[in-house]
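Student: Below you'll find the structure I mean.
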Amino acid sequence: MTDTSDPRRSRAGLSGLVVPVPEADPVVGAVRDRLDPHARAGIPAHVTVLFPFLHASLLDEGTLARLARTFAGHRSFAARFERFGRFPGLLHLAPSPDAPFRALTAAVTARWPEVPPYGGRFGDPDPHLTLAQGQDDDVLDAAEAEVRDGLPVVTRVTSVELVVHDGTVWRHRAGFPLGG
């Protein structure tokens, strides 16, 4: 979730779909804990598939079943994180390849076109794993140097997770395995 707003002020009921990257935690965890407020609010190292998604009040069994079918139609895949990228005030790792992440986002937005990525603010956003946000360039430079020697991070993407904000922290709501 790369919205630079303070997640502690997030509205209860917000939801998002993310691909957790637990293999990144030993490499990026300390930086994220210091420089990404979403880490402190319960969001693990991840690549966002879609944020915001539907309000929690709309996440009924039918919606969860449609999500499960949507993601089951995509094969699991390997990804590497070894290249840094930046958006204004934000440092991230770019996945390679990024096409499978884009395909997951495209599948969800085709099914729920009323919820474009980041509310449509950024067009077609690049998949990324946020390390730090809301920081000056010198802080981002230092964070990049701190993480560099731990790269690459390699993962196998096997599922997408639905997370919901309870007004204080983000909580896991459901997981959806990818097919194959």
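The values are calculated or read from the model by the stated rules, or taken from the named source; none is laboratory data. Note that the structure is a prediction, hence the values are computed from the model and not measured. Quick reminder, even Gly has a Cβ in these numbers, built from the backbone with ideal geometry, and neighbours come from all protein chains shown. Remember, those area values only see protein heavy atoms, side chains included, never the ligands or the DNA or RNA. Shrake-Rupley method; radii C 1.70, N 1.55, O 1.52, S 1.80 Å.
Student: Quick one: pull the percent of accessible area on the chain belonging to carbon and sulfur, 1.4 Å probe, ligands and nucleic acids left out.
Tutor: Using a 1.4 Å probe with all protein chains present, the chain comes out at 52 percent carbon and sulfur.
Student: Classify region 78-180 as rounded, prolate or oblate, taking a ≥ b ≥ c as the square roots of the eigenvalues of its Cα gyration tensor: rounded when a/c is under 1.5, otherwise prolate if a/b is larger than b/c and oblate if not.
Tutor: Note, shape of region 78-180 comes out prolate.
Student: Let me ask something else about it. Ordered by residue, what ³J(HN,Hα) values in Hz, to whole numbers, does region 161-167 give under the Karplus form 6.51 cos²θ - 1.76 cosθ + 1.60, where θ = phi - 60° and Gly and Pro are x?
Tutor: Couplings: 10, 9, 10, 10, 8, 9, x Hz.
Student: Would you mind telling me which residue in Phe51, Phe81, Phe122 has the biggest mean-square fluctuation in a Gaussian network model of the chain, where springs connect alpha carbons within a distance under 10 angstrom?
Tutor: Phe122
Student: Expressed in nm to one decimal, what extension gain is obtained for the pair Arg69 and His172 from 0.36 nm per residue of sequence separation less their Cα-Cα distance?
Tutor: On the way: separation 103, 0.36 × 103 = 37.08 nm, distance 1.88 nm.
Length gained, Arg69 through His172: 35.2 nm.
Student: Quick check on packing: order 140-149, 40-49, 99-108 by the mean number of other C-beta atoms within 10 Å, highest mean leading.
Tutor: Working: 140-149: 15.4, 40-49: 21.7, 99-108: 18.2.
The most tightly packed comes first, giving 40-49, 99-108, 140-149.
Student: Next question. With labels modelled as points extended 7 Å from the Cα through the Cβ direction, what inter-label distance (nm, one decimal) is found for Ala12 paired with Ala110?
Tutor: Placing both labels 7 Å along Cα→Cβ, they lie 3.7 nm apart.
Student: On to the next question. Between Asp136 and Arg86, what length comes free when the chain is fully extended (0.36 nm per residue of separation minus the Cα-Cα distance, one decimal in nm)?
Tutor: Values: separation 50, 0.36 × 50 = 18.00 nm, distance 1.15 nm.
Length gained between Asp136 and Arg86: 16.9 nm.
Student: For region 53-180, what does the accessible surface come to per residue with a 1.4 Å probe? Please give it in Å².
Tutor: Ligands and nucleic acids excluded, the result is 49 Å² per residue.
Student: What spacing in nm lies between the two simple spin-label points modelled at Asp60 and Ala78, each 7 Å away from Cα in the Cβ direction?
Tutor: 4.3
Student: Between Arg148 and Glu23, what length comes free when the chain is fully extended (0.36 nm per residue of separation minus the Cα-Cα distance, one decimal in nm)? Write down the numbers at each step before the final one.
Tutor: Working: separation 125, 0.36 × 125 = 45.00 nm, distance 1.48 nm.
Full extension from Arg148 to Glu23 adds 43.5 nm.
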